[in-house]
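The values are calculated or read from the model by the stated rules, or taken from the named source; none is laboratory data. The structure presented is a predicted model; accordingly, all values stated were derived computationally and were not measured. Here the Cβ is made from the backbone with ideal geometry for all residues, glycine too, and neighbour counts use every protein chain on show. Surface accessibility is based on the protein's heavy atoms, side chains included, excluding ligands, DNA and RNA. Shrake-Rupley method; radii C 1.70, N 1.55, O 1.52, S 1.80 Å.
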Amino acid sequence: SATRGHGVSFYTSADMMRARRTPTSTVARKASRHIKQCRIKPRMTLICRSGTFGGIMGRATFASSETDGWAVTEDMVRCLVKSEEYTAEYVYAILSCLAIGYPLITAFRYGKDVPHIDPEELKAIPLPVLTPAVRSDMTKKVQDAYAAVDIANQLEERAVASLLTKLHWQQEGVPEIA
């Protein structure tokens, strides 16, 4: 996982739901051994378990290879697919669908002021059984989409680094005074 200044990058739910995932928080390096349980793995579906209904609560995102080892808030429920019948990408495609997954996920919310979702309840969500060809197509589309996102993010990082170098600015964007 990336380090910034004197700490380890830490991603909030909002950070993970953005197209360009950049951390807004940092955990002190001294405390970084305590965030092992916050690390994510590729092919996890991450579901925001708290927030306002209609906001990011209940929304799903996918952990690509670029996110391997990132430290992510415990407010993102980690879903690992252990089924032989369904791929992680297929499960993500269903759960991230606003017409299918979002209503299924948010049906399990509780709490009035700040709704929450119980991770254990998510295990009971029924998945539609589609034909193997449709499931395979959905899996490929998710894989292609997140591969493209990873490439786009890498290209953007290189472009920003190049621009900052040419402007003689530090990585944080603060001009160096010579």
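Below, the figures for the structure above:
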{"read-out": "Charged-residue dipole, Cβ positions (Lys, Arg, Asp, Glu), the chain about Cα centre, Debye nearest 20", "value": "320 debye"}
{"read-out": "Three-way shape label, the stretch 108-152, alpha-carbon gyration tensor, a/c 1.5", "value": "oblate"}
{"read-out": "Note, ³J(HN,Hα) from phi for the stretch 14-29, Karplus 6.51, -1.76, 1.60, rounded to Hz, x at Gly and Pro", "value": "4, 4, 6, 8, 7, 5, 9, 7, 10, x, 9, 10, 9, 9, 4, 4"}
{"read-out": "Exposure of Ser65 as accessible area (Å², to 10), given a probe of 1.4 Å and all protein chains", "value": "90 Å²"}
{"read-out": "Rounded accessible area of Glu156 (nearest 10 Å², 1.4 Å probe)", "value": "90 Å²"}
{"read-out": "Nearest-20 debye value, the stretch 57-154 charge dipole, Cβ charges on Lys, Arg, Asp, Glu", "value": "280 debye"}
{"read-out": "Surface/4 of the Cα convex hull for the chain, nm²", "value": "12.3 nm²"}
{"read-out": "Whole-percent pair-distance distribution, where bins are 10 Å wide, for the alpha carbons of the stretch 41-140", "value": "16, 48, 30, 6, 0"}
{"read-out": "Highest-first arrangement of 94-100, 42-48, where packing means the average Cβ count within 10 Å", "value": "42-48, 94-100"}
{"read-out": "Rounded tilt (10° steps) of 132-166 against the dominant C-alpha axis of the chain", "value": "10 degrees"}
{"read-out": "Inter-label distance for Lys112 and Ala19, nm, one decimal - labels placed 7 Å from Cα along Cα-to-Cβ", "value": "3.9 nm"}
{"read-out": "Calculated FRET efficiency for the pair His34/Glu121, C-beta based, R₀ 25 Å, to 0.05", "value": "0.40"}
